[in-house]
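S.K.: Can you keep this structure in mind? I'll have questions shortly.
The values are calculated or read from the model by the stated rules, or taken from the named source; none is laboratory data. Computed from a predicted model, the values in this text were never measured in an experiment. Cβ placement follows ideal geometry from the backbone for every residue including glycine, while neighbour counts extend to all protein chains displayed.
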């Protein structure tokens, strides 16, 4: 009987314990108060012929910022960054950049990028892409054939602040520069007839922008002539051109403008109304032909007395009258007549008095050139150089009609000569 009572007492106590435990409040499941951010760093660089190459971003520095600019976390490389990165709820953006940050260096592309601002809530896991782009400007130096043939040695020094690199005559590497003002100095060494040598130095500045590739061409006709540094941007995003010279933008050089089309015997109009010539700008710089001189048969006949700007790779039409065609840019009037049997037509710089300038372009269409009645003779587009323009076989009679009813392509690219 006593054993039964003991058993009953134990059972009652056990039930009371279970009831008490069941009545105690249980802790609620823990809810995470943190969020997580998956960071993906991407970068690419566009190289020659428009091809795009991916860049390895494993060693890029990664920094996480609060939206107010406070640095939240920093990782020496993308590989060292945890994935995902644990963060408190809030608004964040991520910055990533390559570790090779140098103001001036050969073959040293640098990248930088920032993600959009993202909002993280408690327990959320989000992914953010940091698109990195080229952070410096690229610069290539090249020397014209005339420099190679005329000067015994040459080099170009490009500086940004106190840092600089030197492009020797044999340097083919690309220089990379942080954006800003670049000082460019070309040193051209030439031999003196009496022995020894001397140097011609020209300099100027370029405002370089990130992501742009600049091709710098150093050109000179002779040690005493106008020497120039021509700079063009090899990018399709922003087109800009700069010319740095030692003569405050002196006259055009030989071959910078050529005569590309001649209408010497119109039939829809009289010669007085219908004759014209076309000029072509062979350079990558705008050229104003104001104050240049038209010569005929080795004598000056007309000085251009108005501003006529020819864009790079563009044309200008000079004529005897405004009615010669619908593309006339300048009227020289009766000062120049174009012989049907041929003549030497040239364009010169003004010089000191209009009679002693330097030749820019000359075409003698007297011998070996095509004959054309009611049509212009035009230079084949494959031969738009000063030397090729003097060869008659590079010219042909036009077969495309223009507004007067005669044949030609005034102010536009010539047709191919078959």
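S.K.: Among the numbered conditions (1) more than 23 Å from residue 341 (Cα to Cα); (2) buried (at least 19 other Cβ atoms within 10 Å of the Cβ), tell me where residue 410 comes up short.
M.R.: Here residue 410 clears every test but (1).
S.K.: If you don't mind, another one. Return the total of residues in the stretch 115-125 being surrounded by fewer than 16 Cβ atoms within 10 Å (Cβ to Cβ) and either in a strand (DSSP E or B) or at negative phi (or both). Walk me through how you get there before you give the answer.
M.R.: In the first step, residues of the stretch 115-125 are kept if they are surrounded by fewer than 16 Cβ atoms within 10 Å (Cβ to Cβ); the result is 116-117, 119, 121-125.
Filter once more, keeping what is either in a strand (DSSP E or B) or at negative phi (or both): 116-117, 119, 121-122, 124-125.
The number of residues fulfilling the criteria is 7.
Yes or no, residue by residue, for (1) under 22 Å from residue 287 (Cα atoms); (2) not assigned by TED's automatic domain parsing to the domain that holds residue 312:
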residue	(1), (2)
327	yes, no
366	no, no
369	no, no
374	no, no
377	no, no
390	yes, no
415	no, yes
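S.K.: Also, quick follow-up: Go through the residues of the stretch 395-406 one by one and say whether even a single one is in contact with a helix residue (DSSP H, G or I) (Cβ under 9 Å, 6 or more places away or on another chain), in the same structural domain as residue 266 (by TED's automatic domain parsing), in contact (Cβ under 8 Å) with a residue 40 or more places away in the chain and crowded, with 20+ Cβ neighbours inside 10 Å.
M.R.: The answer is no; no qualifying residue exists.
S.K.: Follow-up. Being in contact with a helix residue (DSSP H, G or I) (Cβ under 9 Å, 6 or more places away or on another chain) and either exposed (fewer than 13 other Cβ atoms within 10 Å of the Cβ) or more than 22 Å from residue 254 (Cβ to Cβ) (or both) is the filter here; which residues of the stretch 351-367 pass it?
M.R.: Listed by number, the list holds a single entry, 367.
S.K.: Among the residues of the stretch 160-184, write down those that are surrounded by fewer than 13 Cβ atoms within 10 Å (Cβ to Cβ) and either part of a strand (DSSP E or B) or touching a helix residue (DSSP H, G or I) at 6+ places or on another chain (Cβ under 8 Å) (or both).
M.R.: 181
S.K.: Being closer than 15 Å to residue 295 by Cβ and either touching a helix residue (DSSP H, G or I) at 6+ places or on another chain (Cβ under 6 Å) or surrounded by 15 or more Cβ atoms within 10 Å (Cβ to Cβ) (or both) is the filter here; which residues of the stretch 316-336 pass it?
M.R.: Of everything in the stretch 316-336, those that are closer than 15 Å to residue 295 by Cβ and either touching a helix residue (DSSP H, G or I) at 6+ places or on another chain (Cβ under 6 Å) or surrounded by 15 or more Cβ atoms within 10 Å (Cβ to Cβ) (or both) turn out to be 318, 332, 336.
S.K.: So which residues in the stretch 275-300 are in a strand (DSSP E or B), surrounded by fewer than 19 Cβ atoms within 10 Å (Cβ to Cβ) and either outside the structural domain of residue 349 (by TED's automatic domain parsing) or touching a strand residue (DSSP E or B) at 6+ places or on another chain (Cβ under 9 Å) (or both), if there are any at all? Outline the logic, then answer.
M.R.: Step one: filter the stretch 275-300 for residues in a strand (DSSP E or B), giving 276-281, 287-288, 293-296, 299-300.
When the remaining residues are screened for being surrounded by fewer than 19 Cβ atoms within 10 Å (Cβ to Cβ), the result is 288, 296, 299.
Scanning the stretch 275-300 gives 288, 296.
S.K.: Another question about this same structure. For the stretch 255-273, how many residues are out of contact with any strand residue (DSSP E or B) (no Cβ under 6 Å at 6 or more places or on another chain) and closer than 22 Å to residue 364 by Cβ?
M.R.: Count: 6.
S.K.: Let me ask something else. From the residues in the stretch 371-393 that are touching a helix residue (DSSP H, G or I) at 6+ places or on another chain (Cβ under 8 Å) and modelled with pLDDT of 95 or more, which one is surrounded by the most Cβ atoms within 10 Å (Cβ to Cβ)?
M.R.: Once the filter is applied, the top-ranked residue is 379.
S.K.: Pull up the stretch 145-159, narrow it to residues that are surrounded by fewer than 16 Cβ atoms within 10 Å (Cβ to Cβ) and closer than 18 Å to residue 255 by Cβ, then point me to the one that is nearest to the chain's Cα centre (by Cα).
M.R.: Taking the candidates together, the pick is 145.
So that you can scan it fast, the table gives a plain yes or no per residue for (1) outside any loop (DSSP other than H, G, I, E, B); (2) farther than 13 Å from residue 60 by Cα; (3) touching a residue at least 12 places away in the same chain (Cβ under 8 Å):
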{"residue": "77", "(1), (2), (3)": "no, no, yes"}
{"residue": "91", "(1), (2), (3)": "yes, yes, yes"}
{"residue": "95", "(1), (2), (3)": "yes, no, yes"}
{"residue": "100", "(1), (2), (3)": "no, no, no"}
{"residue": "113", "(1), (2), (3)": "yes, no, yes"}
{"residue": "128", "(1), (2), (3)": "yes, yes, yes"}
{"residue": "131", "(1), (2), (3)": "yes, no, yes"}
{"residue": "140", "(1), (2), (3)": "yes, yes, yes"}
{"residue": "146", "(1), (2), (3)": "yes, yes, yes"}
